[in-house]
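Data first, discussion second: the structure below is written as structure tokens.
The values are calculated or read from the model by the stated rules, or taken from the named source; none is laboratory data. Values in this document were obtained by computation on a predicted structure and should not be read as measured data. Using ideal geometry, Cβ is built from the backbone for each residue, glycine included, and neighbour counts are taken over all protein chains shown. Accessible surface areas use protein heavy atoms only, side chains included; no ligands, DNA or RNA. Shrake-Rupley method; radii C 1.70, N 1.55, O 1.52, S 1.80 Å.
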Amino acid sequence: MSDSYTSYLPAKAPEPNVETQPFWDATAQGRIDLAVCDDCGFIPWYPRLMCPDCQSTSMTWTTMAGTGTVYSYSVTRAGVGRAWKEHLPFVLAYVQLDEGPIMMTNVVACDPDEVEVGMAVTAVFDDTGEGTAIIRFTPTQRDSNE
Ligand SMILES: [Zn+2]
């Protein structure tokens, strides 16, 4: 990935399938692309090629803003495998994207004790080294005009 790549937490490469390949390809380029239903507007998480709401198979890959809010979270302080032990404590969270979908992820690059429900977060991408990246989130910088 780019020079600006930062490793936050272990990033095991996923195994993309025909439904999720465009999603994973986008992560490698620093984007969250999800399939949006052309008929009812629903955005399923995880990405699917048939709308679970109205059964339409007319879905369009669409780039999300990459921002959202913490929907729920917990702080893991113990009881993890070796690869994760050096990263304790870390935050496991559900983040709701501004477009609606709620995804399981991590909130990184901040004090775990400062994370709270409703906190504004922005996506970051942990390169797996295999043409994909794991989506995580950091607290949104309030003063940024970017
Ligand atoms: Zn639909």
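In table form, for the structure just shown:
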item: Within the stretch 78-146, strands (runs of 3 or more DSSP E) holding 3 or more residues that are open to solvent by 50 Å² or more (accessible area, probe 1.4 Å); result: 90-97
item: Of all residues in the stretch 29-39 being without any contact (Cβ under 8 Å) to a residue 24 or more places away in the chain and open to solvent by 30 Å² or more (accessible area, probe 1.4 Å), the one that is nearest to the chain's Cα centre (by Cα); result: 29
item: Condition met for residue 42 (at pLDDT 95 or above, surrounded by 16 or more Cβ atoms within 10 Å (Cβ to Cβ), out of contact with any strand residue (DSSP E or B) (no Cβ under 6 Å at 6 or more places or on another chain) and among the hydrophobic types (A, V, I, L, M, F, W, C)); result: yes
item: Residue that is nearest to the ligand (Cβ to nearest atom) [pool: residues in the stretch 68-77 that are of a type in the set (Ser, Thr, Tyr) and open to solvent by 40 Å² or more (accessible area, probe 1.4 Å)]; result: 71
item: Only one of 124, 75, 117 that is touching a Pro at 6+ places or on another chain (Cβ under 9 Å) and of a type outside the set (Lys, Arg); result: 75
item: Where a residue in the stretch 120-141 is more than 14 Å from residue 8 (Cβ to Cβ) and its partner, wherever it lies, is open to solvent by 20 Å² or more (accessible area, probe 1.4 Å) and part of a loop (DSSP other than H, G, I, E, B), with Cβ under 6 Å and at least six apart; result: 120/140; 130/13; 132/13; 132/14
item: Close pairs from the stretch 100-116: first farther than 12 Å from residue 137 by Cβ, partner open to solvent by less than 10 Å² (accessible area, probe 1.4 Å), Cβ under 6 Å, at least 6 apart; result: 112/91
item: Selected residue (criterion: surrounded by the fewest Cβ atoms within 10 Å (Cβ to Cβ)) from residues of the stretch 45-66 that are more than 10 Å from the ligand (Cβ to nearest atom) and not in a loop (DSSP other than H, G, I, E, B); result: 60
